[in-house]
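First comes the structure, then the notes that go with it.
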Amino acid sequence: MENFIYMLAPLLSIELFLVLFFGTLAGLILGVLPGLGPTTGGALILPFTIPMDPLSAIILLTTIYCAGTYGGAITAILINTPGTPAAAATCLDGYPLAQKGEAGRALGLATIASVFGGIFSVVILVLFAPMLAKIAYQFGQPEYFALAIFGLTMLSSIGEGTPIKNLIAAAFGILISTVGSDFMTSVDRFTFGVNILTEGIGFIPVVVGLFAISEMLVQSTLLHQVFNRITLDALKLPTLDDVKSTWKTILRSSGIGAFIGILPAEGGTVASLIGYSEAKRWSKNPQEFGKGSIEGITGAEAANNAATGGAMVPTLALGIPGSATTAVILTGLIIHGVRPGPSLFREQPDFLYGIFGAMLFSNIIFFILGFFGAKIFARVTLIPNKLLWPMVFVVCVCGTYSLNQSLMDIWIMLACGVIGFFMRRFGFSLVPVIIGLILGELVEGTLRQSLVIFDGNWLMFLTRPIVVTFLIFSIAALLVPYLRGEKNN
Amino acid sequence: MKHMQRNNERAIKKKSPSFLNDASIVSFVIIIFSLFLFYLTFNFDEVPPILNRGIQPATFPKGLLIIIMSLTSILYFFSLKNPWKKQETLPKTFSYTLIILILFAIIAKTLDFFLGLSFLSFTISYLWGERRKLLLFFVTVIFPLLVFIFFETILNLRFPGGILTDLYYR
């Protein structure tokens, strides 16, 4: 009962409600704009949260996450370009249905599926995060090390890039985390004699560089591209027949999305692809997929929104990000002095349930905003890149500079932008870099502390059942993409 | 029939990887970069056993670099079997955008941070096709100014000095 009251906190305080509302609005706009999305948007907004109290700051970031994931569907349906990577599967049927003159119906179905998936995932979050946190109480340093390794190996199976490329990217992310003064011995590593680098490379310059600046460079190669934009008259609520033919798909995809979200490092993109393919597999009319199937739209959208709550489970309970955007939220938590993990559930239930409540109400607010304002949000896609990206760059530079007031962060951001561009060009996903960077310190720290406990004996890892379980899961995570590839071949 | 066979052979030859394809260049760059960093790890200070908490500070980065180099080698050998899709040549606008980013860095460091931002906003916007003067003025002057005021007043941020910023701070 007490926790339920904590969940209502965002509605009971005017300040928190305003943060909730404007976070949802900002998330929708960021989700609609192709190339921005909740990850880059969250990273850009993060510096603005510094003067806020921790709850307001994290509510802002989580609502951007929830609404941004839905916002991507608007662009996917109207201009056949996913506003966020998680909306890629929505294009497959959303745009064809819109081309048939049913854009309002496609968006209505996407909205309903997103809201259901989002609310379903919050229920999963409320139920499972405390349970996972209880289990995590039994974890020592070796278990956390094995868990982090499991999270990293899961990256091999994320949608973008080949498994080997994803693993190289993850190792590169961890390597970035080793720059600076060694946190255990204070020995400088890869600092090249530059004093500022002894503090290490910050998360924000890397995220903003990899996602926003590389996207700006990508946009510079697409100036000739012309979008066929479909006009939206009004968003239509699904008819009873639509609901009858899609409710099973929405329910199934919500379950899939929440489960995929809970897995460390997986996220909305993988969830939507699996949700879509399962919708097709179970459908009575699989031949309609790709031609405007309403099951295809709802399958993808329910899954990617359900992944939001799911991805928050390992983030809050274990401090292991469930997706790239939750990595940004995790950074926000750390910046605001909140240490995610099992103790958070015991010490700050008001804070945690406040976040859960905000995610729940964000889904309701984006339903209302999406229903009444989809036509206006669709107009956001009309902002030309030649005006949008210079403005995004200004915010990127000022936001990155503001964290440490250091020009070095801006140079790092620019360098990461160029590296990110070439990584994308050659098929390397950027998400593993971010998750590797976040998990790097945890991997190294827990490894070294475990070796102290084990007196330098590596074989002692195999005497701990939880460690062995995670290592078996890790091997499975590495093998699954290849077995899947063989099967597809 | 023979003609078709010859065409197929030609197509296979075209697909066969040369030493200057994307996969080999990317693998080469990653391995050279990793080798350079690997060399640097030998210059890290060593700590006495009582302080080294399990392993020396250089051990973890060394292990990571070995993993990166091994995975890159595997990636290269896989590319011999399944060649990467050839990338289209990058347009000139990409090179110009990259040059503008470098010029921004130089101007921001030597002349003025906000002059650099205005320069970049104007040149990118113009290069990408914007010709409307009012919008160019908005992107170049008004928007950076609004962001400056926001960060300066609400976030109490002090931006690095320069010919324009110093005028404001005086």
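A few notes on this one:
- Considering the stretch A:383-398, and only residues there that are more than 7 Å from every other protein chain (Cβ to nearest Cβ) and at pLDDT below 90, the residue that is surrounded by the fewest Cβ atoms within 10 Å (Cβ to Cβ) turns out to be A:P384.
- For the residues A:F371, A:F377, A:F454, A:F366, the requirement of being within 12 Å of another protein chain (Cβ to nearest Cβ) and either of a type outside the set (S, T, N, Q) or farther than 30 Å from B:A23 by Cβ (or both) singles out A:F454.
- A:S181 being within 10 Å of chain B (Cβ to nearest Cβ), under 19 Å from A:T84 (Cα atoms) and either touching a helix residue (DSSP H, G or I) at 6+ places or on another chain (Cβ under 7 Å) or crowded, with 23+ Cβ neighbours inside 10 Å (or both): no
- Only one of A:F145, A:F150 that is crowded, with 21+ Cβ neighbours inside 10 Å, of a type outside the set (G, A, S), within 20 Å of the chain's Cα centre (by Cα) and under 22 Å from A:P432 (Cβ atoms): A:F150
- The condition (being in contact (Cβ under 8 Å) with a residue 24 or more places away in the chain and closer than 22 Å to A:L8 by Cβ) is satisfied by just one residue among A:I329, A:I335: A:I329.
- Unmet criterion (only one of (1) surrounded by fewer than 18 Cβ atoms within 10 Å (Cβ to Cβ); (2) more than 10 Å from chain B (Cβ to nearest Cβ)) for A:G202: (1)
- For the residues A:I174, A:I168, A:I213, A:I158, the requirement of being buried (at least 21 other Cβ atoms within 10 Å of the Cβ), modelled with pLDDT under 90 and under 22 Å from the mean Cα position of the chain (by Cα) singles out A:I158.
- Looking across the stretch A:418-477, the residues that are part of a helix (DSSP H, G or I) and of a type in the set (D, E, K, R) come down to A:R424, A:R425, A:E441, A:E444, A:R448.
- Failed criterion for A:F470 (all others in (1) more than 11 Å from chain B (Cβ to nearest Cβ); (2) within 21 Å of the chain's Cα centre (by Cα) hold): (2)
- Scope the stretch B:108-118; condition surrounded by fewer than 19 Cβ atoms within 10 Å (Cβ to Cβ) and under 21 Å from the mean Cα position of the chain (by Cα); matching residues: B:K109
- The combined condition, being on the phi > 0 side of the Ramachandran plot and out of contact with any strand residue (DSSP E or B) (no Cβ under 7 Å at 6 or more places or on another chain), is fulfilled by A:G37.
- So A:Q219, is it in a helix (DSSP H, G or I) and within 13 Å of chain B (Cβ to nearest Cβ): yes
- Long-range neighbours under 9 Å by Cβ, at least six apart or interchain, first residue more than 7 Å from every other protein chain (Cβ to nearest Cβ) within the stretch B:68-83, second exposed (fewer than 13 other Cβ atoms within 10 Å of the Cβ) and assigned to a helix (DSSP H, G or I): B:M69/B:L35; B:P83/B:K15
- Residue count for the stretch A:172-229, restricted to those that are among the hydroxyl-bearing types (S, T, Y) and under 30 Å from B:S95 (Cβ atoms): 3
- Residue in the stretch A:347-356 that is under 16 Å from A:G27 (Cβ atoms), away from every other protein chain (no Cβ under 14 Å), touching a Ser or Thr at 6+ places or on another chain (Cβ under 8 Å) and of a type outside the set (S, T, Y) present: yes
- Residue that is surrounded by the most Cβ atoms within 10 Å (Cβ to Cβ) [pool: residues in the stretch B:150-169 that are within 11 Å of another protein chain (Cβ to nearest Cβ) and outside any loop (DSSP other than H, G, I, E, B)]: B:F151
- Of the numbered criteria (1) facing chain A (nearest Cβ under 7 Å); (2) assigned to a helix (DSSP H, G or I); (3) buried (at least 17 other Cβ atoms within 10 Å of the Cβ), the one B:E130 fails is (2).
- 2 or more residues of a type in the set (F, W, Y): qualifying helices (runs of 4 or more DSSP H) within the stretch A:322-397: A:349-380
- Some residue of the stretch A:404-416 being touching a residue at least 12 places away in the same chain (Cβ under 8 Å), within 14 Å of chain B (Cβ to nearest Cβ) and not in a helix (DSSP H, G or I): yes
- Residue satisfying all of: in the stretch B:88-127; in a loop (DSSP other than H, G, I, E, B) and more than 7 Å from every other protein chain (Cβ to nearest Cβ); farthest from B:G161 (Cα to Cα) among these: B:E88
- Taken over the stretch A:283-297, the criterion of being farther than 19 Å from A:G101 by Cβ and surrounded by 14 or more Cβ atoms within 10 Å (Cβ to Cβ) is satisfied by A:S283, A:P286, A:F289, A:E295.
- Which numbered condition A:T69 fails, given (1) surrounded by fewer than 24 Cβ atoms within 10 Å (Cβ to Cβ); (2) within 23 Å of A:S293 (Cα to Cα); (3) β-branched (V, I, T): (1)
The values are calculated or read from the model by the stated rules, or taken from the named source; none is laboratory data. Here the structure is a predicted model, which means the values were calculated and not measured. Glycine gets a Cβ as well: all are built from the backbone with ideal geometry, and neighbour counts include every protein chain shown.
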